[in-house]
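Heads up, the thing below is written out as C-alpha cells.
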Amino acid sequence: MKKLVLVLATIAGMAAFADKVSLKSGSFLTGKVGVIQDGKLLFESDDLGEIKIDVKNIASIESEAMHVLQYSDLSREELPLTVQDGEYVVNGEKVNMDNVKAIDPAEETWHGSVSVAFQADRGNSYGHSATILANINRRWEKDRFNADFGYYYSDSGTSRRDHEKTKDNWEVEAQHDHFWTQKVYSYENAQYTRDTMAGLSSRVRLGAGLGYQWLDKDEFELTGKWSFNQELGLGWTHNVYNDRNSDVDADYCSVHYAHHLLFDPNFSDTIQFFHNLAYDPAVHDWDQYTVEADVGARAKVYGNFDLLAKIEWNYDSAPSAGRKRSDVRYILGLGYKW
C-alpha cells in the first residue's frame, strides 16, 4: 500500500511540474515547453510527442522556462517570457516586438551545401558533363561570412577517340560583412574566375563597400519569409586573356552593385527561392562591364538532401578576342545541405 501511495505521489508531482499550454479553442496540452522561433512554440507533448504550435493560437502558457530575446541592436537577454492571448508577455507586461529581432535565436554555427550534377552520353554521341557547386556560410551577432565555389566541365563528340572539351571553368568567391547597425554593414570580398572556353585565363576581383539589409527573414502573413539586401562599393579587377582585344583594359577600377534575395513561401516548408545579381562597370569606361546573375530554387527531398534548379547568366562586354559576350547555364542537381 505504501508503494502504491508513493507511485501516485510521484505521478502527481510530475504532473504538477509539467508545463501547460492552453489554446484559444479551449483545449490544453501538458508536457515541456521548448524554444519559440518564427512565431511557433516547440512543445514536447505528453500525448502527441514533439509538435509546433502557432503562438497566435495560444491562450496562455504555464511554465517556468526562460527564453532568450535578441533585440534590434543584437544584444540578448534571458527572461521569463510567456504568452497570453497570442501576445508575448514578460512579468505581466506585453513585449514591444518592434524592439525585438528574434526570440530564442538559432545557435550560431557553420552552414553549407554541396550540389552535384553529372551526365554521360554513349552511342551516337560520346561525352560527359559535370557541375559541382558548394557553399559555406556563418552568421554571428555582428558579422557574416559567405563563400561559394563552382566547377563546370563538359566534353562531347562521336566516339572516345573523337571528342573535345566544350566547357572547363571554375570560380571561387568569398565575402565578409560587418554590421554596424541592424541594417547597415560594410563588406570586403574577393573573387577568382577561370574560363578556358571563354578565353579567360584568370580574373581576380577585389572589392569593398557598404550594404543595407532591407529584410532579414522578415515574415509576411500573405506570402512568407523574405530576406533582401543591396550593396554598393568599389572594386579592382585584373584580367588575363588568352587573346586580349587591343581596346580592352586588363586592369581597371570598377563600381560594384549587388543584391541578394531569398524567399520562403507560406505554401511550402520544403522549398526556397533565390535570386542574386552583381554589376561591375569600369570607372573610366562604363561600356566595359560584367554582369553575374542567377535565379532558382531549392526543394527538400529527404532529410538534408535537396534538389537544386537554377539558371545562371554571365555577361562580359569585353571578352577575349573571338569569344561571345554572354554565357547561360541551366543547372539541375542533387544536393546536401547542413
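Data overview
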item: Qualifying residue in the stretch 261-272 (condition: touching a Leu at 6+ places or on another chain (Cβ under 6 Å) and closer than 21 Å to Glu171 by Cβ); result: no
item: The listed residue being free of Cβ contacts under 8 Å to residues at least 40 places away in the same chain, among the aliphatic types (A, V, I, L, M) and not assigned by TED's automatic domain parsing to the domain that holds Gln191, out of Val83, Val95; result: Val95
item: Selection from the stretch 153-200 of residues that are assigned to a loop (DSSP other than H, G, I, E, B) and farther than 19 Å from Tyr126 by Cβ; result: Trp180, Thr181, Gln182, Lys183, Thr196, Ala198, Gly199
item: Pairs, first at negative phi in the stretch 285-301, second of a type in the set (Gly, Ala, Ser) and outside any strand (DSSP E or B), C-beta under 6 Å, six or more apart; result: Gln288/Ser317; Gln288/Ala318; Tyr289/Ser317
item: Test: residue in the stretch 224-247 that is within 21 Å of Tyr192 (Cα to Cα), among the aliphatic types (A, V, I, L, M) and modelled with pLDDT under 95; result: yes
item: Pair list, Cβ < 6 Å and 6+ apart or interchain, from the stretch 99-121 residues that are farther than 23 Å from Val172 by Cα to residues that are modelled with pLDDT under 85 and in a loop (DSSP other than H, G, I, E, B); result: Asn99/Ser72; Lys101/Ser72
item: Asn99 at pLDDT below 85 and surrounded by fewer than 13 Cβ atoms within 10 Å (Cβ to Cβ); result: yes
item: Residues within the stretch 79-121 that are under 17 Å from the mean Cα position of the chain (by Cα) and of a type in the set (S, T, N, Q), tallied; result: 3
item: Residue check for Lys32: within 26 Å of Glu108 (Cα to Cα), of a type outside the set (A, V, I, L, M) and out of contact with any Lys or Arg (no Cβ under 9 Å at 6 or more places or on another chain); result: yes
item: Where a residue in the stretch 264-280 is in a loop (DSSP other than H, G, I, E, B) and its partner, wherever it lies, is not aromatic (Phe, Trp, Tyr), with Cβ under 7 Å and at least six apart; result: Asn266/Thr223; Asn266/Gly224; Thr270/Ala299; Thr270/Lys300
item: Every residue from the stretch 102-146 that is exposed (fewer than 11 other Cβ atoms within 10 Å of the Cβ), over 30 Å from Asp54 (Cβ atoms) and charged (D, E, K, R); result: Arg122
item: The stretch 228-237, residues that are buried (at least 17 other Cβ atoms within 10 Å of the Cβ) and not β-branched (Val, Ile, Thr); result: Asn229, Glu231, Gly233, Gly235
item: Scan of the stretch 49-89 for residues that are at pLDDT 85 or above and of a type in the set (S, T, N, Q), ordered by number; result: Asn57, Ser60, Ser63, Thr82, Gln84
item: Subset of the stretch 67-83 that is outside any loop (DSSP other than H, G, I, E, B) and of a type in the set (S, T, N, Q) - its residue that is surrounded by the most Cβ atoms within 10 Å (Cβ to Cβ); result: Thr82
item: Unmet criterion (only one of (1) in a strand (DSSP E or B); (2) of a type outside the set (Lys, Arg); (3) outside the structural domain of Tyr330 (by TED's automatic domain parsing)) for Glu64; result: (1)
item: Residue in the stretch 152-172 that is within 30 Å of Gln70 (Cβ to Cβ), at pLDDT 95 or above and surrounded by 15 or more Cβ atoms within 10 Å (Cβ to Cβ) present; result: no
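Every residue, every condition in (1) of a type outside the set (Asp, Glu); (2) under 13 Å from the mean Cα position of the chain (by Cα), yes or no:
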| site | (1), (2) |
| --- | --- |
| Thr270 | yes, no |
| Phe274 | yes, yes |
| Tyr279 | yes, no |
| Asp287 | no, no |
| Val291 | yes, no |
| Val295 | yes, no |
| Lys300 | yes, no |
| Asn304 | yes, no |
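The values are calculated or read from the model by the stated rules, or taken from the named source; none is laboratory data. As the structure is a computational prediction, the values presented were derived from the model and not from experiment. Here the Cβ is made from the backbone with ideal geometry for all residues, glycine too, and neighbour counts use every protein chain on show.
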